[in-house]
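The values are calculated or read from the model by the stated rules, or taken from the named source; none is laboratory data. Nothing here was measured: the structure is a model prediction, and the numbers come from that model. Methodologically, a virtual Cβ is constructed for each residue, glycine included, from the backbone with ideal geometry; neighbour enumeration extends over all protein chains shown.
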Amino acid sequence: MKEILKQIKEVVICGFKDAGYDEKFAMVTLSNRPDLCQFQCNGAMAAAKEYKKAPIAIANEVVERLADKAIFSKCEACPPGFINMNLSDEFIAGFVSEMAEDTERFGVDKVASPKKIMIDYGGPNVAKPLHVGHLRSAIIGESIKRTARFMGDEVIGDVHLGDWGLQMGLIITELKLRKPELCYFDENYDGDYPTEPPFTISELEEIYPCASGKSKEDEAYKEAAMTATYELQHGRRGYQALLTHILNVSVNDLKRNYEKLDVTFDLWKGESDAQPYIPDMVQKMKDDGFAYISEGALVVDVKEDTDTKEVPPCMILKSDGASLYNTTDLATMVWRMKDYNPDSIVYVVDKRQELYFTQVFRCAKKTGIVPADKNLYFVGFGTMNGKDGKPFKTRQGGVMRLEYLLKEVEDKMLEKIRENGTMNEEDALKTAQIVGLSAIKYGDLSNQASKDYIFDIDRFTSAEGNTGPYILYTIVRCKSILAKAGVDSFEGKILPAHSDSERGLQLELTKFMAALTAAYEDMAPHKICAYIYDLANAFNRFYHDTKILAEEDEALKASYLKLLWLTRNVLEKSIDLLGFKAPERM
Ligand code: ARG
């Protein structure tokens with residue numbers, strides 16, 4: 001369906017053209033004074049300069065040409081030259097009726113030329129429990145992925161595991177101390193390695209922090225870990241077999257955790273998968289004259305004339321020849337281009353890595369790893385802070401494990417549900433999970449991603465205000481009325497509004513396409529949140545002053561129910577794109 005603003009604009013263009021003005025002035029926006037009108041056009045002001053005429057005179061001439069258009073119930077010129085417009089109730093009702101006919105997409109067309117997009121999100125580090133630092137990437141990335149898919153793009157989500165580097169050497173070193181008899185450490189062993197891992201996930205999670213602690217105090221231990229890392233990276237069989245075990249055990253656990261968040265990935269590739277591509281990539285950078293030695297390290301210059309801040313060279317290899325985080329990210333682009341050839345790659349990463357990604361992106365473009373016609377996007381997110389305004393911590397001051405955070409929020413929801421006392425324990429538990437997830441995800445996504453926000457469990461779990469539970473309450477309310485009415489599919493059209501609140505609701509529904517398009521184009525899930533908050537408010541206003549089930553006029557009642565059905569579906573589609581669901585009851 002054509003977006004409502006575009007439909008209005010087409011009509012206003014006729015007005016400008018008929019009055020002898022260029023159509024470029026026919027710009028239509030939502031009104032910033034909803035008390036005065038629904039939509040406005042400020043084009044007469046701009047036209048005034050070009051045509052050297054008073055803006056109000058132009059506005060008057062245009063409005064005259066629009067007077068008989070059925071789309072408007074009001075179209076008037078206001079000093080100094082605004083054109084204020086209200087849509088006719090018939091037009092609005094026709095528009096939402098058409099949305100309701102489209103029972104899958106509610107009027108939102110797919111993009112004309114779909115793209116292939118790869119999204120790099122999640123970024124957990126193996127053998128370390130998922131913590132809140134990884135929450136935002138998963139939540140935001142999942143929503144960007146779902147939205148782009150809904151708009152018709154082909155989207156590949158890649159978790160990009162942190163499975164390379166010193167952390168692996170540390171685990172190997174500690175394991176060797178504890179279980180030196182294992183065949184993985186015997187350099188003369190040339191048989192097959194066991195398929196059963198020599199540790200469980202809880203052991204692994206305990207081994208890593210223990211090893212990391214020791215390495216900070218004990219030079220020799222750290223030395224050993226570095227050697228193990230080097231040997232692993234240079235193909236020592238036993239260590240590679242251990243890496244496979246670490247990955248398997250860890251990835252299973254990660255999958256379980258991401259499942260709880262309702263976050264999925266198409267690819268479970270890691271940094272280690274990029275390593276085979278490094279030697280050729282580096283050789284080519286040298287051969288093409290991009291990489292040169294500076295202070296012993298191999299670097300590529302990436303500064304540009306227009307830089308206002310210094311952008312240091314991108315380091316490709318350290319002076320000892322070791323590869324870096326940069327090297328891995330660049331080599332990852334090599335296989336992403338070779339195996340998938342996406343039109344763009346989107347990185348959903350902490351905004352503190354922005355300069356780093358500027359360097360890596362420029363280097364990839366300059367050296368041709370990523371062709372010029374492809375796009376690289378950095379979606380940087382801010383920090384999730386505690387109520388003290390500092391990065392979120394456990395009460396003991398440690399890094400909060402994601403599982404515990406989820407549990408805390410679920411428990412809070414459970415408490416509230418039990419207080420209501422309307423559900424058996426099993427349903428209450430299930431509902432607490434669903435609603436708890438909405439509280440976390442909406443709390444996160446309703447903020448512009450690049451901003452820091454405060455994780456406020458009381459506010460996020462509240463059923464009032466701009467929260468996930470509030471949106472879910474609204475959906476559940478629609479569902480329960482529809483269930484009472486005993487209908488879930490409708491013939492006939494939605495009738496022109498009978499009240500201000502109904503008009504408000506219908507008008508809000510017309511904005512669905514524009515909201516989704518903006519969220520999609522800007523990779524900004526908060527725009528979906530802002531929209532559904534307005535929609536939920538409009539619905540609740542309508543609900544509070546309308547007798548729906550008790551309405552005696554059958555046609556009107558049917559129209560109300562259809563409007564309710566559309567509201568519920570638009571809300572449910574929206575939260576699905578945000579990455580959570582609504583329960584049947586609350
Ligand atoms: N593993 C990294 C971390 O925990 C995040 C990875 C981000 N993605 C990337 N392609 N560098 O900080």
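Before moving on, here are some points about what is shown:
- Residue within the range 177-191 that is part of a helix (DSSP H, G or I) and within 16 Å of the ligand (Cβ to nearest atom) present: no
- Residues that are assigned to a helix (DSSP H, G or I), among the aliphatic types (A, V, I, L, M) and touching a strand residue (DSSP E or B) at 6+ places or on another chain (Cβ under 7 Å), drawn from the range 124-167: VAL132, LEU135, ILE140, ILE144, ALA148
Conditions tested, residue by residue: (1) free of Cβ contacts under 8 Å to residues at least 24 places away in the same chain; (2) small (Gly, Ala, Ser).
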| site | (1), (2) |
| --- | --- |
| VAL409 | no, no |
| ASN420 | yes, no |
| ASN424 | yes, no |
| SER438 | no, yes |
| ASP452 | no, no |
| CYS478 | no, no |
| ALA485 | no, yes |
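- Of the residues screened, SER137 is one that is within 16 Å of the ligand (Cβ to nearest atom), small (Gly, Ala, Ser) and within 26 Å of the chain's Cα centre (by Cα).
- Failed item in (1) surrounded by fewer than 16 Cβ atoms within 10 Å (Cβ to Cβ); (2) in contact (Cβ under 8 Å) with a residue 40 or more places away in the chain, with ASP35 passing the rest: (2)
- Scanning the range 301-332 for residues that are over 32 Å from the mean Cα position of the chain (by Cα) and not charged (D, E, K, R), we see that the one that is surrounded by the most Cβ atoms within 10 Å (Cβ to Cβ) is LEU317.
- When GLU310, GLU304, GLU295 are checked against the criterion of being at positive phi and acidic (Asp, Glu), GLU295 stands alone in meeting it.
- Test: VAL108 is hydrophobic (A, V, I, L, M, F, W, C), part of a loop (DSSP other than H, G, I, E, B), out of contact with any strand residue (DSSP E or B) (no Cβ under 9 Å at 6 or more places or on another chain) and touching a residue at least 12 places away in the same chain (Cβ under 8 Å): yes
- Count of residues meeting criterion [among the hydroxyl-bearing types (Ser, Thr, Tyr), away from the ligand (no atom under 14 Å from the Cβ) and over 23 Å from the mean Cα position of the chain (by Cα)] in the range 237-275: 2
- Candidates ASP253, ASP320, ASP262 - the one that is at pLDDT below 95 and outside any helix (DSSP H, G or I): ASP320
- Residue ID - surrounded by the most Cβ atoms within 10 Å (Cβ to Cβ), chosen from residues in the range 359-374 that are closer than 15 Å to VAL311 by Cβ and more than 13 Å from the ligand (Cβ to nearest atom): CYS363
- The criterion of at least 3 residues that are in contact with a helix residue (DSSP H, G or I) (Cβ under 9 Å, 6 or more places away or on another chain) and closer than 20 Å to LEU509 by Cβ is met, among strands (runs of 3 or more DSSP E) falling completely within the range 20-80, by 28-30.
- Lone qualifier among TYR356, TYR377, TYR347 - being assigned to a helix (DSSP H, G or I) and either within 11 Å of the ligand (Cβ to nearest atom) or over 21 Å from LYS286 (Cα atoms) (or both): TYR356
- Just one of (1) of a type outside the set (Lys, Arg); (2) within 30 Å of LEU549 (Cα to Cα); (3) not in a helix (DSSP H, G or I) fails for THR394. It is (2).
- Test: residue in the range 3-21 that is of a type outside the set (Gly, Ala, Ser), under 30 Å from the mean Cα position of the chain (by Cα) and either crowded, with 22+ Cβ neighbours inside 10 Å or over 23 Å from VAL108 (Cβ atoms) (or both): yes
Yes/no per residue for (1) part of a helix (DSSP H, G or I); (2) modelled with pLDDT under 95:
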{"site": "THR546", "(1), (2)": "no, no"}
{"site": "ALA550", "(1), (2)": "no, no"}
{"site": "LEU561", "(1), (2)": "yes, no"}
{"site": "LEU566", "(1), (2)": "yes, no"}
{"site": "ILE575", "(1), (2)": "yes, no"}
{"site": "ARG585", "(1), (2)": "no, yes"}
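- Filter result for ALA518 (more than 21 Å from SER501 (Cα to Cα) and crowded, with 21+ Cβ neighbours inside 10 Å): no
- Screening PRO194 with (1) within 13 Å of the ligand (Cβ to nearest atom); (2) in a loop (DSSP other than H, G, I, E, B) gives one miss only, at (1).
- Residues (closer than 13 Å to ASP329 by Cα and exposed (fewer than 15 other Cβ atoms within 10 Å of the Cβ)) located in the range 253-291: PRO276
- Pair list, Cβ under 6 Å, 6 or more apart: the range 345-369 residue aliphatic (A, V, I, L, M), other residue away from the ligand (no atom under 12 Å from the Cβ) and part of a helix (DSSP H, G or I): VAL348/ILE140; ILE369/VAL334
- Checking each residue in the range 509-529 for being under 17 Å from LEU87 (Cβ atoms) and either of a type in the set (A, V, I, L, M, F, W, C) or not in a loop (DSSP other than H, G, I, E, B) (or both) picks out LEU509, THR510, PHE512, MET513, ALA514.
- Filtering THR327, THR332, THR306 for residues that are more than 16 Å from the ligand (Cβ to nearest atom) and either closer than 29 Å to ILE139 by Cβ or of a type in the set (Val, Ile, Thr) (or both) leaves a single hit, THR306.
- Residue satisfying condition, being away from the ligand (no atom under 16 Å from the Cβ), among the hydrophobic types (A, V, I, L, M, F, W, C) and without any contact (Cβ under 8 Å) to a residue 60 or more places away in the chain, within set ALA100, ALA148, ALA93, ALA77: ALA77
- For the range 198-237, a residue qualifies if it is closer than 25 Å to SER323 by Cβ and aliphatic (A, V, I, L, M), and the qualifying residues are LEU204, ILE207, ALA211, ALA220, ALA224, ALA225, MET226, ALA228, LEU232.
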